[in-house]
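Comments concern the structure below.
Derivation of every value follows stated rules applied to the coordinates shown; laboratory data play no part. All values reported here derive from a predicted model rather than from experimental measurement. Methodologically, a virtual Cβ is constructed for each residue, glycine included, from the backbone with ideal geometry; neighbour enumeration extends over all protein chains shown.
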Amino acid sequence: MGTQQVGLRDVAHGPAPSRLRLLAPLRYLAISHPEKAAYDRLYPALLALAGWVFYWLVTPKPKLFGQGGLLDLTWDLLVMAVPFMVGALAAVAMGSPGGHLDRRPRGVELFLHGKSLTLRQFVCYLLGYLSFLGLVTLGGVAAADLLHDTVIAWAAPAQSARTVIMLCGTLVLSGLLSALIVTVFWSLYFLTDVVNDVE
């Protein structure tokens, strides 16, 4: 009696299969919980706006590019943080089954597509989302640094174009960093308090 090999295409879990498999970590945003929406959208948006306005109002402005600039510091931080987050995700996802991680959290439950999540499932989505945010931010920082001279040369004749690019670029950077910072603090709370809330 032969066995049939199972591949990624044969896995059916959750909603209908999607071609956007690489965006799976964004499913974290679809998890419903009374407090979570504020930490996913409201607080990062407020922090991003505050940081962006502060950057444009402060004089002299902190430099963005070059040694010791904001992009350089962000790069250094993310080069250390992203592998740690991916490693933490692997440790939680592949950890031995059983124990309190495979139970439902006490109090308000966490739901994704109408199904209640265990602590392990939620932590995997949380760490996956953090890793995704970190990688996207890291890619954005690298792209901004690599394309800086090209964009400056292209926008040199039009000062207004350069200003718009700087405004949009700093807003995107502020948004990504704010989402990352707030989600890190939310995960610290969850991993410190909720996961260890055992009877």
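Applying both filters, DSSP loop and at most 16 other Cβ atoms within 10 Å, to the chymotrypsin sites (Phe, Trp or Tyr not before Pro) of region 18-68 gives PHE65. Subtracting the Cα-Cα distance of SER116 and ALA158 from 0.36 nm times their residue separation leaves 9.7 nm of extension gain. Partners of LYS36 within straight-line reach, counting lysines whose Cα lies under 20 Å from its Cα and excluding those fewer than 8 residues away in the same chain: LYS115. Expressed in Å, the radius of gyration and Dmax of the Cα atoms of region 38-157 are 19.5, 64. Between ALA37 and LEU77, the modelled labels are 2.9 nm apart [label points 7 Å from Cα along Cα→Cβ]. At 0.36 nm per residue, minus the direct Cα-Cα distance, what do THR192 and THR150 gain on full extension? Give it in nm, one decimal, please. Result for the pair: 10.6 nm of gain on full extension. Restricting the calculation to alpha carbons of region 41-92 gives Rg and Dmax of 15.0, 45 angstrom.
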